[in-house]
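Undergrad: Take this structure first; my questions come after.
The values are calculated or read from the model by the stated rules, or taken from the named source; none is laboratory data. What you are looking at is a predicted structure, and each value in this text was computed from that prediction instead of being measured. Cβ atoms come from the backbone with ideal geometry, glycine included; neighbour counts cover every protein chain shown. The protein model used for the area step is the full one, side chains on, heavy atoms only, and it has no ligands, DNA or RNA in it. Shrake-Rupley method; radii C 1.70, N 1.55, O 1.52, S 1.80 Å.
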Amino acid sequence: MTEFAFAPPPVPFVPVAGGRRFAVRRIFCVGRNYADHAREMGHDPEREPPFFFCKPADAVLHDGATLPYPQGTQELHHEGELVVAIGGAGRNIDTGSALGHVFGYAAGNDLTRRDLQARAKALGRPWDMAKGFDGSALIGEISPAERIGHPARGRITLSVNGAPRQEADLADQIWSVPEIIAHLSALVALAPGDLVMTGTPAGVGALVPGDLCRTQIEGLAPAELRIGEGGPPQAG
Ligand SMILES: CC(=O)CC(=O)C(=O)O
C-alpha cells in the first residue's frame, strides 16, 4: 500500500453526552438567520434567502477551552449559535424528512474577526479569513436527538463575564432547522460528521483577553471559552 507522505492529522471531534465522540467532517454556517441581527448588520431580513459559509473542521474548539486572542485582528466578536450535528447522509432533502438526518444539537460560538469581515465585505471578497481561523468554532457537548428530540424553540443566550450580551428564542430564527437542511442539501451532499451553525441573534460584540464567554441554550449543555493573550489555541 502507498504510504502517506506524513502522518495523517488527528480527526477533529466534539464530545457527545454519554461518552462518545462525534467526528467532524465539515462545518457549515448560516448567515443572518435572526431578523434583529440582520438589521444590526445593516440588512433587510425579509428579502434574503439563506446563505452559507464554512469553517475548517479543525477550527473546532471544545467547551472549557482557552482561545488565545487570534492573530490578525483587533476586533474579535462572539456569535452564540445553535449547532446541528448531521448523522444521516443525503442531498436534495425535503423539509419533511430533514430532521431524520440530524444526530443531535449543541450550543456554539461562531467566533468572528469582525474587522477582517468588514474589510472583505467592502471589497467584495470571501469571508474565509474572518470566519475560518484557528479555534473559530466553539462547539459544546452534543446532545443526541434520540435523547432530547428536536428543539424548535427555547431560550438562547450569550454572556460575557456573567453579563448578558445576546438573547433570543430559537423560534425567532428566520430559517428553521428543516429549512436550513433542505437549502444546504440542495447545494452539497450532506454526510455524517457535518456540523451546521445556524446563525446568531442580535447583540454580537467584542471579546478581550481575560473574558469568559458562555453560550447557553435551553435543554443543551453550555459552551464556554476564555480568551487568553495571543498565541496558538490550548485544549479544553
Ligand atoms: C454577519 C455575520 O457575521 C453572519 C453570521 O455569521 C450570522 O449571522 O450568524
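Undergrad: Work out the length of the dipole vector of the chain about its Cα centre, built from +1 on the beta-carbon of each Lys and Arg and -1 on the beta-carbon of each Asp and Glu, and round it to the nearest 20 debye.
TA: Computed charge dipole of the chain: roughly 280 debye.
Undergrad: What 222 nm value per residue comes from the helices of the chain, counting each DSSP H run with n ≥ 4 as -39,500 (n - 2.57) and dividing by all residues, nearest 500 deg cm²/dmol?
TA: Mean residue ellipticity at 222 nm (helix-derived): -3500 deg cm²/dmol.
Undergrad: Okay, moving on. With point charges of +1 on the Cβ of Lys and Arg and -1 on the Cβ of Asp and Glu, referenced to the Cα centre of region 13-228, which listed residue (L170, L184, H78) lies farthest in the positive direction of the dipole?
TA: Value computed over the given set: L184.
Undergrad: Which residue, G80, G210, G140, has the most motion in a Gaussian network model of the chain that connects Cα atoms within less than 10 Å?
TA: Of G80, G210, G140, the Gaussian network model singles out G210 as fluctuating most.
Undergrad: So, one more: Please tell me the relative contact order of the chain in percent, rounded to the nearest whole number, where contacts are Cα pairs under 8 Å and at least six residues apart.
TA: That works out to 33 percent.
Undergrad: How much FRET efficiency would the formula 1/(1 + (r/R0)^6) give for E146 and E229, where r is the Cβ-Cβ distance and R0 is 45 Å, rounded to 0.05?
TA: 0.65
Undergrad: Please give me the summed charge of the neighbours of A122: other residues whose Cβ is under 13 Å from its Cβ, Lys and Arg +1, Asp and Glu -1.
TA: Charge balance near A122 sits at +3.
Undergrad: Sticking with the crude label model, points 7 Å out along Cα→Cβ, report the distance from A189 to A163 in nm, one decimal please.
TA: Here the answer is 5.0 nm between the modelled labels.
Undergrad: Continuing with the same structure: When only the heavy atoms of the protein chains count and the probe is 1.4 Å, how do D44, D58 rank by accessible area, highest first?
TA: D58, D44
Undergrad: Here's another thing I want to ask about it. Excluding G18 itself, calculate the net charge of residues whose Cβ lies under 14 Å from the Cβ of G18, where each Lys or Arg counts +1 and each Asp or Glu counts -1.
TA: Value of the local net charge: +1.
Undergrad: Can you give the relative contact order of region 121-207 as a percent, counting alpha carbon pairs under 8 Å and 6+ residues apart?
TA: Relative contact order, region 121-207: 21 percent.
Undergrad: Taking all protein chains as present, what is the carbon and sulfur share of the accessible area of the chain, in % to the nearest whole number, probe 1.4 Å?
TA: Carbon and sulfur atoms account for 52 percent of the accessible area of the chain.
Undergrad: Sticking with this structure for a sec: Under a GNM of the chain (C-alpha, springs under 10 Å), which listed residue has the highest mean-square fluctuation: Q173, Q71, Q216?
TA: Q71
Undergrad: Under a 1.4 Å probe, what is the accessible area of region 30-163 per residue, stated in Å²?
TA: About 44 Å² of surface per residue is accessible.
Undergrad: Also, quick follow-up: How high is the relative contact order of region 1-86? Use alpha-carbon pairs under 8 Å, at least six apart in sequence, and give a whole percent.
TA: Relative contact order comes out at 23 percent.
Undergrad: Which of rounded, prolate, oblate describes region 2-64, given a ≥ b ≥ c as roots of the alpha-carbon gyration tensor eigenvalues and a/c under 1.5 marking rounded, otherwise prolate only if a/b is larger than b/c?
TA: prolate
Undergrad: Please compute the volume of the convex hull spanned by the alpha-carbon atoms of region 66-212 and report it per residue in Å³.
TA: Considering the Cα atoms of region 66-212, their hull volume per residue is 122 Å³.
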